[in-house]
Amino acid sequence: MPDQAQADRLRLIRSANIGPVTYAQLIGRFGSAAAAIAAIPLLAARGGGRAPVLADPRTIEREMAITAKLGAHYLFSDDPAYPPLLGALENAPPALILRGNAALLCPISVAMVGARNASAAACRFARQLGHDLASEGVVVVSGLARGIDTAAHVGALGAANGQTIAVIACGIDIVFPPENAELQERVAQDGLLITEHSPGTEPLARHFPQRNRIIAGLALGTVVVEAAPRSGSLITARLAGEAGREVMAVPGSPIDPRAQGCNSLIRDGATLVQNAADILEQLRPIDARMVRAPTRPFGAPPPDDASDADRRAVTALLGLVAVSVDELIRQSRLAPAVVQTVLLEMELAGRLERHAGGRVSLID
């Protein structure tokens, strides 16, 4: 992709009120980021608000220069090399920044997550599990956090030709946690380091759920080794289940709070894992064609814009409580593309917020 086309896409991605779903719809409708950028003011006006503040082209140029200097590169969601499993997510990242071996996005992969304050026994088990999976040619995906994530990466890298993917919640040039500086560099050299954030972005709390969706989205299945109730690891497991991926968990003592999350997952139907063979048994029956499937196509709206009556009908159904887009389509009795057009206009106008599970709500 020419540098200018990349810059236009990044400018769109880094602009306010433009998330993954809106980005995909804009590219699908207008064919290019440059055309979408030119159309945004009119779309926002139709949505009843002001156009979002677009990213400064000079800022985008600096970001691209820094990314190249760091030895990293961009991968956009409609690139043939974009991982198809991740591309199947409704909110797949429009652009990834990669440093390392991008070929690792193609083989079969398993996500492994767990507690940051994990027990020594759980860390040892995760390290062995990562080693055994990598020895079987499976790429181990995790988040480079303390505890289980670190153990999984170390175990995978310790296997013969073992390789791993680390998804981070900050810029490609930021090390977090600080004690994993050496491990992060080793992953970048021998495996693959991934982020959706621009260089210099600090690891804020809101970035970690976003990171978790990438971890779950890259893998055929997610294994939780040790997790307390309401932990980030359980969020990753939930996202994996919602995406139709395998959810697996390692059981633990019922008197250990760090095992309660895993035990609850097993009680609710997750596969009990005692060794790497249990994981491989779950994944190998999956048709290999699933991994090679093309990414979902962008769905373009109809040639005619939504009418004022259509906008009133959709807006009347919205409130501060999130509702699914499918429900809006049913109740409005409008074509799905028309409803999506109205929602696109409202989001660009700063009046609409998108939530997980294809739900939307008005912004108070």
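Observations
- Looking only at region 52-78, and only at residues there that are acidic (Asp, Glu) and open to solvent by less than 60 Å² (accessible area, probe 1.4 Å), the one that is nearest to Ala16 (Cα to Cα): Asp56
- Residues of region 208-220 classified as touching an Asp or Glu at 6+ places or on another chain (Cβ under 9 Å) and open to solvent by 30 Å² or more (accessible area, probe 1.4 Å), total: 1
- Among (1) crowded, with 18+ Cβ neighbours inside 10 Å; (2) at pLDDT below 90; (3) under 23 Å from Leu192 (Cα atoms), the one test that Met1 misses: (1)
- Ala306 meets each of the listed conditions (1) surrounded by 13 or more Cβ atoms within 10 Å (Cβ to Cβ); (2) at pLDDT 85 or above apart from (2).
- Screening region 151-189 for residues that are within 20 Å of the chain's Cα centre (by Cα) and under 25 Å from Ile279 (Cα atoms) and picking the one that is surrounded by the most Cβ atoms within 10 Å (Cβ to Cβ) gives Ala152.
- Scanning region 123-150 for residues that are over 16 Å from Asp190 (Cβ atoms), surrounded by fewer than 24 Cβ atoms within 10 Å (Cβ to Cβ) and of a type in the set (Gly, Ala, Ser) yields a single hit, Gly147.
- Annotation: of all residues in region 243-253 being over 17 Å from Ala118 (Cβ atoms) and not hydrophobic (A, V, I, L, M, F, W, C), the one that is surrounded by the fewest Cβ atoms within 10 Å (Cβ to Cβ) is Gly244.
- Within the set Leu343, Leu352, Leu320, the sole residue that is open to solvent by 30 Å² or more (accessible area, probe 1.4 Å), modelled with pLDDT of 90 or more, out of contact with any Lys or Arg (no Cβ under 6 Å at 6 or more places or on another chain) and of a type outside the set (Phe, Trp, Tyr) turns out to be Leu320.
- Test: Ala36 is more than 24 Å from Val360 (Cα to Cα), more than 19 Å from the chain's Cα centre (by Cα), at pLDDT 90 or above and small (Gly, Ala, Ser): no
- In region 156-181, residue modelled with the highest pLDDT [restricted to those that are more than 22 Å from Phe208 (Cβ to Cβ) and assigned to a helix (DSSP H, G or I)]: Leu157
- For region 249-282, the set of residues classified as outside any helix (DSSP H, G or I), touching a residue at least 12 places away in the same chain (Cβ under 8 Å) and aliphatic (A, V, I, L, M) consists of Ala249, Val250, Ala270, Leu272, Val273, listed by residue number.
- Scanning region 121-150 for residues that are farther than 13 Å from Ile279 by Cβ, in a helix (DSSP H, G or I) and not basic (Lys, Arg) returns Ala121, Ala122, Cys123, Ile148, Asp149, Thr150.
- Residues of region 190-207 classified as surrounded by fewer than 17 Cβ atoms within 10 Å (Cβ to Cβ) and either assigned to a helix (DSSP H, G or I) or free of Cβ contacts under 8 Å to residues at least 40 places away in the same chain (or both), total: 5
- Pairs with Cβ under 8 Å, 6+ apart, first in region 103-116 and buried (at least 24 other Cβ atoms within 10 Å of the Cβ) and modelled with pLDDT under 95, second acidic (Asp, Glu) and part of a loop (DSSP other than H, G, I, E, B): Gly114/Glu226; Ala115/Glu226
- Against the numbered list (1) within 21 Å of Ala45 (Cα to Cα); (2) open to solvent by less than 20 Å² (accessible area, probe 1.4 Å), Gly358 comes up short only at (1).
- Candidate set: region 85-111, residues that are of a type in the set (Gly, Ala, Ser) and assigned to a strand (DSSP E or B); chosen: the one farthest from Asp173 (Cα to Cα): Ser109
- Any hit, region 33-45, residues being over 27 Å from Ala309 (Cα atoms) and without any contact (Cβ under 8 Å) to a residue 40 or more places away in the chain: yes
The values are calculated or read from the model by the stated rules, or taken from the named source; none is laboratory data. Remember, predicted model here, so these are calculated numbers, not experimental data. When we count neighbours, we look across all protein chains shown, and the Cβ atoms used for this are built from the backbone with ideal geometry, even at glycine. What goes into the accessible areas is simple: the full protein's heavy atoms, side chains included, and nothing from ligands, DNA or RNA. Shrake-Rupley method; radii C 1.70, N 1.55, O 1.52, S 1.80 Å.
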